[in-house]
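The next block holds one structure in the form of structure tokens; read it before the comments.
The values are calculated or read from the model by the stated rules, or taken from the named source; none is laboratory data. Please read these numbers as outputs of a predicted model, since none were measured by experiment. Glycine also receives a Cβ, built like all others from the backbone with ideal geometry; neighbour counts cover every protein chain displayed. Keep in mind that these areas ignore ligands, DNA and RNA; they rest on the heavy atoms of the full protein, side chains included. Shrake-Rupley method; radii C 1.70, N 1.55, O 1.52, S 1.80 Å.
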Amino acid sequence: MIILGIESSHDDTSFGIVEDTKVLLHFKISQIDIHKKYGGTIPELASREHVNNFYILIEELKTKFDLNKIDKIAYTSEPGLIGSLQIGYLVAHALSNLLNKDLIKINHLHGHIFSSLLIEHEEDKKEIIFPSLALVVSGGHSQIYELKNFNEINLVSSTIDDAIGEAFDKVARVLKLGFPGGPAIDQIFINNHYDNIINFTKPITPNELDFSFSGLKTQVLNYVNNNKDVDSQLVAYSFQKHSIDYLIDKFKKAISIYHPKSIILSGGVSANSYLRSQFKKTHTNYLIPKDKYTTDNGAMIAIAAFLKK
Ligand code: KG4
Ligand code: ZN
């Protein structure tokens, strides 16, 4: 089964063509350079860019793939920026009408979860052993899901305020490290080692499996505002250590309650080096997407459509 996946929920415009779970083609246009001067995504600008970018990507798609070979078309229907989602829907709907192929709606977060099964070579095939527990961490979401099978995906817990990626981006902004902040903070963490880190306290949530990142972010902002000669590398290092340890502690607690047979890590923040290494220690059977499929992409939407009935 060959599926074309279309993603445009946030600031990436992307097409992916996937045969079962194997990626045949994957390309995208990121809007990071446009939004970075504002320190975050501007929805109105994002919609306008998606229109231009889809025009470019459709031209590219026509030259790279025989569209008659596509069996189905899948698109991100929710959650995301309303204007951006609607442009993706219009493109998906037009292509499905033109090619006379079924149209499938996919939840963006289910796409992130199943990005962990995308492969490029047949021999790399991976599988999820159910029940599974998925940690989805991105610029807009921090959630744990329980998967009973490909269709029964239940939300276990969520952030009660900011998403972890959003906190990385805000901390990076105050430290003047640029946008998006996650990769910049991660790079500082990789390049340094401190025995004595700044002791930020871990937020407490009414439901112990939920997350809260706004308190942690505020502590970092207060530290920067209230201290002279701040060592921004030490602040970045301490923030990454505390926020990832906090995430992992919550996930370990969820494992002890749900007893999954496998675990999945996904979303933009799953590119984080320390998170990846700590996550692998929590279970013997783990799935993590390849780096290039951690951020938003069309291939993850296509594979989700293939796996779900
Ligand atoms: O999934 P994604 O591409 O977009 C959303 O749906 O939000 O995630 C983007 C987020 C940004 O907040 C970015 O700072 C974060 O993922 N990110 C990272 C790393 N790479 C990207 N956060 C921490 N460490 C990284 N290495
Ligand atoms: Zn995403």
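Here are the numbers:
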{"quantity": "Residue order for Val235, Val51 - accessible surface, 1.4 angstrom probe, largest first", "calculated": "Val51, Val235"}
{"quantity": "Per residue, the convex hull volume that the Cα atoms of the chain enclose (Å³)", "calculated": "132"}
{"quantity": "For region 92-135, convex hull volume per residue from C-alpha positions, Å³", "calculated": "120"}
{"quantity": "Between region 1-59 and region 74-110, the Cα center-to-center distance that results, in Å", "calculated": "12"}
{"quantity": "Percent of beta bridges antiparallel (DSSP, the chain, rounded to nearest 5)", "calculated": "55"}
{"quantity": "Over region 126-245 - Rg/Rh using Cα atoms and the Kirkwood inverse-distance radius", "calculated": "1.04"}
{"quantity": "FRET efficiency, 1/(1 + (r/R0)^6) with R0 41 Å, evaluated for Thr201 and Lys105 via beta carbons", "calculated": "0.50"}
{"quantity": "Stretchable slack from Ile82 to Gln187, in nm (0.36 nm times residue separation minus alpha-carbon distance)", "calculated": "34.5 nm"}
{"quantity": "Inter-label distance for Phe150 and Ile129, nm, one decimal - labels placed 7 Å from Cα along Cα-to-Cβ", "calculated": "2.0"}
{"quantity": "Karplus-derived 3J(HN,Hα), 6.51/-1.76/1.60, for each residue of region 15-22, Hz, glycine and proline x", "calculated": "10, x, 10, 10, 9, 6, 10, 9"}
{"quantity": "Among Thr284, Thr218, Thr13, residue whose mean-square fluctuation peaks in a GNM of the chain (springs only between Cα atoms under 10 Å)", "calculated": "Thr284"}
{"quantity": "Calculated log₁₀ intensity ratio I(q)/I(0) where the Debye formula runs over C-alpha points of region 1-157, q = 0.11, 0.20 Å⁻¹", "calculated": "-0.47, -1.37"}
{"quantity": "Projected label distance in nm at Ser256 and Leu45, using a 7 Å step from Cα toward the beta-carbon", "calculated": "4.5"}
{"quantity": "Length added when fully stretched, Lys176-Lys62, from 0.36 nm per residue minus Cα-Cα", "calculated": "36.9 nm"}
{"quantity": "Accessible area of the chain belonging to carbon and sulfur atoms, whole % at 1.4 Å probe", "calculated": "50"}
{"quantity": "Estimated translational D of region 1-93 in µm²/s (Stokes, Kirkwood radius over Cα pairs; 4 °C; 1.567 mPa s)", "calculated": "96"}
{"quantity": "3J(HN,Hα) from dihedral phi, region 110-118, Karplus parametrisation 6.51/-1.76/1.60, rounded to Hz, x for glycine, proline", "calculated": "5, x, 4, 4, 7, 4, 5, 9, 5"}
{"quantity": "With eigenvalues of the C-alpha gyration tensor scaled by 5 and rooted, region 247-309, Å", "calculated": "22, 16, 9"}
{"quantity": "Inter-label distance for Asp33 and Asp71, nm, one decimal - labels placed 7 Å from Cα along Cα-to-Cβ", "calculated": "3.8"}
{"quantity": "Per residue accessible area in Å² of the chain, where ligands, DNA and RNA are left out and the probe is 1.4 Å", "calculated": "45"}
{"quantity": "Calculated over region 59-120: convex hull of Cα atoms, volume per residue (Å³)", "calculated": "107"}
